[in-house]
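Everything on this sheet refers to the single structure shown next.
The values are calculated or read from the model by the stated rules, or taken from the named source; none is laboratory data. Note that the structure is predicted; figures quoted are calculated from it, not measured. Positions of Cβ are backbone-derived with ideal geometry, glycine not excepted, and every protein chain shown enters the neighbour counts.
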Amino acid sequence: MTQGYYAGISGLQSNQYGLDVIADNLANTSTTAYKSSTAEFSDIFSKVVSAGNTPTSNDIGYGSKLQATSFQFQQGTLMPSDRFNDLALEGNGFFGAISKDGVSYTRDGSFAFDTYQKVSGDVNSSTDRLVTADGKYVTGTMLSNFTYNASFDYGDQASNGVVGAYVLSNPTSDAALSSVGSQGNLEFPARLAYPVEATTQTSFFGNLGVTNETRTISADAISAKNDINRIKLSFTQSAIQPAEGVSWDVVATATSNDGSIVYDTQNGQAIFGASGALSSFNITSMNNDGTSVAIDLGTGYSGVISIDGVGISGSSRSDGVSGGTLTKYGINANGVIVADFTNGRQSAIGRVAVYHFQNEQGLNRDGGTYYSQSSDSGKPLFWTDATGAFITGATVRSGALEASNARVDVGLTDMIITQRAYQANSKTITTVDEMIQKALQMHR
């Protein structure tokens, strides 16, 4: 009969643990990215009443125990935020956060910035490191496509004599993740410049017609000093014309945009055949404030032509990119950190790492929405695509936070069930006690 005592007591203890789990879930319904737990119970060993061969079971259990508390990793609701550095994961995975105590893993993306001077004493070398709310550094892959130039004019040298900025060396649209073990701090340079790509080739298009009137076609040309200059071609019909086709004398000038400074002037000739297609042109390049710019009038009918009966037109196309300075950062759905510049260009500088585990249920819960790896979870890993390249394996939502997946309605319902089970087990104890007392009275 005392076996009923042990079963009732174990039931009280098990349901007390269950209530503790439910209470913890309810306490964290407002905790960012909190993942609720479920108490799992199992029975304690049983005792065989008799060893005879019977067609049915003849054992009696000794109660219950808490077997495990399993994580519920279902997706939480995404809540909008007005900060691009607030991140949420839509799908499987964890952010990495490193401190002196090692690497932790979390889905709480309420990140902030910690300013750090890469060159001590030089405020222009500052970078903003992405950190968690308690100061752990968020991990990822930083590209090596920018370096600090202490003498670079960021645009404020003339106004206050300040120089120094990070300068992109290889603008790119994507950032590949390096291996899991090589992830480091994510850093956002405060002063980042898009380098000037001076114009090296200008192509001209249009129809000059055959009437003896001066025609001009102009093109913008970016100088190495980041000035937008102008290359202009003036066409005037030659005094001596070929037997077939038409010949135009060309005056080519490279000037500042307002024409106040002349960098180069050349004279040449463009000859068009009887069909109006370009036959020859002898000005090959112009000096644009120190940069040689190739001049291309096309071939045949692909560039400048001289045809009667077709509307007069003129246009141009130049390569090169004006230099720009940082306007803002963004993080796209693949976790790529993208910098926007005043010249309208963009470039990736790094990528947020998203870690995965073979057995998420084996992770250790460390508090503060942090988890750590264990022998049961296995080591962190990156998912790969069909080519073997590392991928995030989840959608990274910038400007959003994941809410707790603990549900109040479920918690309250589970609490009622647990309370009833607790009461039932307490009743078991009192009933067994009464039965024992009755048995003792019978003995007297």
Go through the stretch 312-323 and count every residue that is more than 17 Å from T202 (Cβ to Cβ) and either of a type in the set (A, V, I, L, M) or more than 50 Å from the chain's Cα centre (by Cα) (or both).
1
Given the conditions (1) of a type in the set (S, T, N, Q); (2) modelled with pLDDT under 95; (3) under 21 Å from E213 (Cβ atoms), which single one is not true for S315?
(2)
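Can you confirm whether G206 is over 21 Å from V321 (Cβ atoms), assigned to a loop (DSSP other than H, G, I, E, B) and in contact (Cβ under 8 Å) with a residue 24 or more places away in the chain? Walk me through how you get there before you give the answer.
Values: over 21 Å from V321 (Cβ atoms): yes; assigned to a loop (DSSP other than H, G, I, E, B): no; in contact (Cβ under 8 Å) with a residue 24 or more places away in the chain: yes.
So G206 fails the test.
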Given (1) outside the structural domain of T141 (by TED's automatic domain parsing); (2) surrounded by 14 or more Cβ atoms within 10 Å (Cβ to Cβ), index of the condition A394 fails
(1)
Within the stretch 399-421, which residues are buried (at least 18 other Cβ atoms within 10 Å of the Cβ) and over 22 Å from F73 (Cβ atoms)?
T418, A421
So the check is Cβ under 7 Å with 6+ separation or different chains; which pairs have a first residue in the stretch 315-328 that's free of Cβ contacts under 8 Å to residues at least 24 places away in the same chain and a second one that's surrounded by fewer than 15 Cβ atoms within 10 Å (Cβ to Cβ)?
T327/T342
Of the residues in the stretch 93-104 that are more than 16 Å from the chain's Cα centre (by Cα) and closer than 15 Å to V131 by Cβ, the one that is surrounded by the most Cβ atoms within 10 Å (Cβ to Cβ) is S104
For the stretch 348-363, which residues satisfy the criterion of being surrounded by 21 or more Cβ atoms within 10 Å (Cβ to Cβ), over 9 Å from the mean Cα position of the chain (by Cα) and assigned to a strand (DSSP E or B)?
I349, V354, Y355
Given (1) crowded, with 16+ Cβ neighbours inside 10 Å; (2) in the same structural domain as R345 (by TED's automatic domain parsing); (3) over 22 Å from V196 (Cα atoms), number of the condition A333 does not satisfy
(1)
Which residue, of A239, A274, A270, A243, is closer than 17 Å to S316 by Cβ and out of contact with any Leu (no Cβ under 6 Å at 6 or more places or on another chain)?
A270
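Hey, any hits in the stretch 297-307 for a residue that's in a loop (DSSP other than H, G, I, E, B) and either in contact with a helix residue (DSSP H, G or I) (Cβ under 8 Å, 6 or more places away or on another chain) or of a type in the set (F, W, Y) (or both)?
The answer is yes, given that some residue of the stretch 297-307 is in a loop (DSSP other than H, G, I, E, B) and either in contact with a helix residue (DSSP H, G or I) (Cβ under 8 Å, 6 or more places away or on another chain) or of a type in the set (F, W, Y) (or both).
Kindly evaluate L130 against the criterion of being within 23 Å of R345 (Cα to Cα) and either crowded, with 17+ Cβ neighbours inside 10 Å or not hydroxyl-bearing (S, T, Y) (or both).
On the way: within 23 Å of R345 (Cα to Cα): no; either crowded, with 17+ Cβ neighbours inside 10 Å or not hydroxyl-bearing (S, T, Y) (or both): yes.
Considered against the rule, which asks whether it is within 23 Å of R345 (Cα to Cα) and either crowded, with 17+ Cβ neighbours inside 10 Å or not hydroxyl-bearing (S, T, Y) (or both), L130 comes out as no.
Having 2 or more residues that are free of Cβ contacts under 8 Å to residues at least 24 places away in the same chain is the bar; report the strands (runs of 3 or more DSSP E) wholly within the stretch 235-287 that clear it.
Values: elements: 246-255, 262-272, 278-281.
Answer list for the stretch 235-287: 246-255, 262-272.
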For the stretch 72-129, which residues satisfy the criterion of being more than 17 Å from Y329 (Cβ to Cβ) and out of contact with any strand residue (DSSP E or B) (no Cβ under 9 Å at 6 or more places or on another chain)?
F73, Q74, K100, D101, S120, G121
